[in-house]
Every structure is written in C-alpha cells, then in structure tokens.
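To start, the structure itself, in structure tokens.
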Amino acid sequence: MFGLITITKIKSKYEALIYDINELAKNDSGYTPTGDKIIASGYTINADGTAGMWTISQSTGGKEEKSYIQRLLDELNEKAKLRKEEQKRLENLSEKTNIDELTTKSLKRTLDINV
C-alpha cells in the first residue's frame, strides 16, 4: 500500500512532532492548571498534521486544596512581600548610616576637628 519513499516522507514529517509530544509527556506534572489530578492523557496527530491532546481528570473536590495557579500566585506574592521587607530594611539601614555620618561630622565640628 505505502511505498518505501512514502513511508520515509511520512516518518520525516512527523518524527519531530512525535519527539516533542514525547518530551511533553515526560514533563507532565500530573495536574491540570486548575489543580485537578490527571488520571489519563494522550496525544493525537490529526489528519491535517496538527497535534491535539486529551485528558481525563479527577476533581480534587473542594476548596480546601488550592489550584496549581493559586499556589503559584501565593508563592509570587510571598516573594514580593519578602522583597518589600528587604527593601525597607535596606532603606532604614541607609537612613541610619546617613544619620550616623551627620552626627559624626557635627561632633567633629563642635570639637573643632578637621572634617
């Protein structure tokens, strides 16, 4: 039915796509972006050469467990909070250093020491 040349053309056409799909499958987290557990999934190559994916997922069932996206947002918010705290600490340290320098200069002037 298919000649050797036709099979080679088909193979070269889809080889990279199949490799990419395989790599995606290896790196699958096992959860949907909404936090549901993936029970089964698969990839398809359509007749027009495009790729598709199907999944069967199980809801985690309640609001007590955060979705994957919500967990990422929480992590980002926590990092932003820590950065703000560090920035504020550095600003306070900088202000204290400036006050110490001004106090030192003022004392030297009062004691008539060369500044």
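The values are calculated or read from the model by the stated rules, or taken from the named source; none is laboratory data. Computed from a predicted structure; not experimentally measured. Ideal geometry is used to build each Cβ from the backbone, glycine not excepted, and the neighbour counts take in all protein chains shown. Just the protein is used for accessible areas: all its heavy atoms, side chains included, with ligands, DNA and RNA removed. Shrake-Rupley method; radii C 1.70, N 1.55, O 1.52, S 1.80 Å.
Considering region 45-77 alone, what residues qualify as being part of a helix (DSSP H, G or I) and either within 30 Å of E23 (Cβ to Cβ) or open to solvent by less than 90 Å² (accessible area, probe 1.4 Å) (or both)?
If the condition is that a residue be part of a helix (DSSP H, G or I) and either within 30 Å of E23 (Cβ to Cβ) or open to solvent by less than 90 Å² (accessible area, probe 1.4 Å) (or both), then Y68, I69, Q70, R71, L72, L73, D74, E75, L76 are the ones that fit.
Of the residues K81, K88, K108, which is at pLDDT 90 or above, over 25 Å from S29 (Cα atoms) and surrounded by 10 or more Cβ atoms within 10 Å (Cβ to Cβ)?
Numbers: K88 fails: at pLDDT 90 or above; K108 fails: at pLDDT 90 or above.
The unique qualifying residue is K81.
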